[in-house]
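Asker: Starting off with a structure, shown below.
The values are calculated or read from the model by the stated rules, or taken from the named source; none is laboratory data. Source: prediction; values computed, not measured. Reconstructed Cβ throughout: ideal geometry from the backbone, glycine too, with neighbour counts over all protein chains shown.
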Amino acid sequence: MARFENLARDKATVIDKILACNDIMKALNYNETNFLDQPEFDPAILLFDRLFPHRFIPGTSEKKKTYITISFGKYRAIKNSFKGGLITFSVFTHQDLFRTDYGILRTDFIITKLDEIFNEAEGLGVGKAEFYDMDALSVNTDYHGSYISYKVCDFN
């Protein structure tokens, strides 16, 4: 039987790695097209406001924002000795916030930074996190983006 005592630790590790990426934090926090040129701030203010350790956004907001949600899913026992699963990052923004001064869409910028952090990363489960898939995402008529998933394995 699969045991999940490390799941909470892995979620905290994922959140910490994202919060430590100043470029992602600025892309989430600032709506300006030159978000990287904006002032530093405490990234912890974005947790449960624009960065969520679950796959949904609670409530609605009148303000245009960019979001990252994180889900841990499809965990299963493998030969009763370890479990594997997927970590999925959904990145979406209001359609008015896609444009940046960096030659790339805001959501693509964030996905690229997430991939730099998590693809082949160690410290989540056993071995390295492996890219699994990516696709477009539309939340509603105003919010769009992409999701990206990584496969991880963990011993019991």
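Asker: Condition test on F35, is it hydrophobic (A, V, I, L, M, F, W, C) and touching a residue at least 24 places away in the same chain (Cβ under 8 Å)? Even if it seems obvious, please write down each step before you answer.
Answerer: Details: hydrophobic (A, V, I, L, M, F, W, C): yes; touching a residue at least 24 places away in the same chain (Cβ under 8 Å): yes.
Here the answer is yes, as F35 does meet what is asked.
Asker: In addition: Please verify whether N31 is at pLDDT 95 or above and polar (S, T, N, Q), treating the condition exactly as stated. Lay out the reasoning, then the answer.
Answerer: On the way: at pLDDT 95 or above: yes; polar (S, T, N, Q): yes.
Against the criterion (at pLDDT 95 or above and polar (S, T, N, Q)), N31 qualifies.
Asker: While we're looking at this one, here's another question. Can you tell me which condition T60 does not meet? The list is (1) touching a strand residue (DSSP E or B) at 6+ places or on another chain (Cβ under 9 Å); (2) free of Cβ contacts under 8 Å to residues at least 24 places away in the same chain; (3) not basic (K, R), and all the others hold.
Answerer: Condition (1) is where T60 drops out.
Asker: Given the structure, is F89 within 14 Å of the chain's Cα centre (by Cα), modelled with pLDDT under 95 and aromatic (F, W, Y)? If you could, list the steps in order and put the result at the bottom.
Answerer: On the way: within 14 Å of the chain's Cα centre (by Cα): yes; modelled with pLDDT under 95: no; aromatic (F, W, Y): yes.
No; evaluated as a whole, the condition is false for this residue.
Asker: Mind listing just one residue for me: the one in the stretch 47-73 that is touching a Ser or Thr at 6+ places or on another chain (Cβ under 9 Å) and exposed (fewer than 13 other Cβ atoms within 10 Å of the Cβ) and, of those, modelled with the lowest pLDDT?
Answerer: The extreme case among them is G73.
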